[in-house]
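What follows is one structure encoded as structure tokens, with my remarks underneath.
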């Protein structure tokens with residue numbers, strides 16, 4: 001039986017829908033001259049990042065995030081994440097492969113999942129003007145039906161950004177992720193990311209995330225915003241180097 005969750009979505013129509021947004025995002029960054037290609041980071045045990053996450057939908061609620069690489073196995077790094085906010089402390093885990101692909105992690109809130117096909121959050125080496133697309137077959141966690149996660153990314157040049165950890169000259173990336181959570185009463189979640197990635201710290205130093213879906217009803221869809229956050233690097237400490 002055919003369902004809305006199992007229909008493949010043509011990339012051409014999807015990308016044309018986000019092309020205008022992509023151009024707007026590009027205009028929001030301070031673009032600098034071209035830079036050499038940026039290779040995938042070599043994560044090391046003990047790499048430690050501290051971030052401040054501001055939730056703009058929840059009256060500026062601040063969450064502090066500590067991330068540590070706790071193990072590396074066959075090139076896959078396990079990263080322990082500790083979140084602290086006014087409600088307490090929570091922990092999660094990410095797994096990142098040698099190419100920067102997300103194997104275990106959260107694309108929506110703190111909902112941690114295992115992806116059979118690594119999600120290409122970046123397409124290393126990063127080069128100015130590079131664009132990537134990915135269709136990831138999945139099973140929707142909401143309906144348990146066959147679905148897809150769609151990823152579109154573009155590296156739009158070099159941008160200078162200042163965060164609490166300092167000032168960085170970074171590749172600027174615009175990324176769209178469409179999740180596999182569509183149901184009869186709502187569209188899939190679309191998450192738009194603006195990412196300032198710093199090779200020296202192996203991670204973004206600043207990231208803006210906006211996510212929403214359309215709730216169907218009465219012939220008129222209602223936009224429901226699910227995320228509007230700003231993530232900024234507070235500090236980075238490199239871990240142990242390999243032999």
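The values are calculated or read from the model by the stated rules, or taken from the named source; none is laboratory data. Just so we're clear, the structure is a prediction, and the values are computed from it rather than from any experiment. Cβ atoms come from the backbone with ideal geometry, glycine included; neighbour counts cover every protein chain shown.
Some points to look at:
- Failed condition for residue 123, given (1) under 17 Å from the mean Cα position of the chain (by Cα); (2) buried (at least 20 other Cβ atoms within 10 Å of the Cβ); (3) at pLDDT below 95: (3)
- Residue that is surrounded by the fewest Cβ atoms within 10 Å (Cβ to Cβ), among those in the stretch 201-238 that are modelled with pLDDT of 95 or more and not in a strand (DSSP E or B): 238
- Residue within the stretch 72-92 that is surrounded by fewer than 16 Cβ atoms within 10 Å (Cβ to Cβ), more than 18 Å from residue 199 (Cβ to Cβ) and within 16 Å of the chain's Cα centre (by Cα) present: no
- Note on the stretch 15-49: among residues that are modelled with pLDDT of 90 or more and surrounded by fewer than 16 Cβ atoms within 10 Å (Cβ to Cβ), the one that is nearest to residue 171 (Cα to Cα) is 37.
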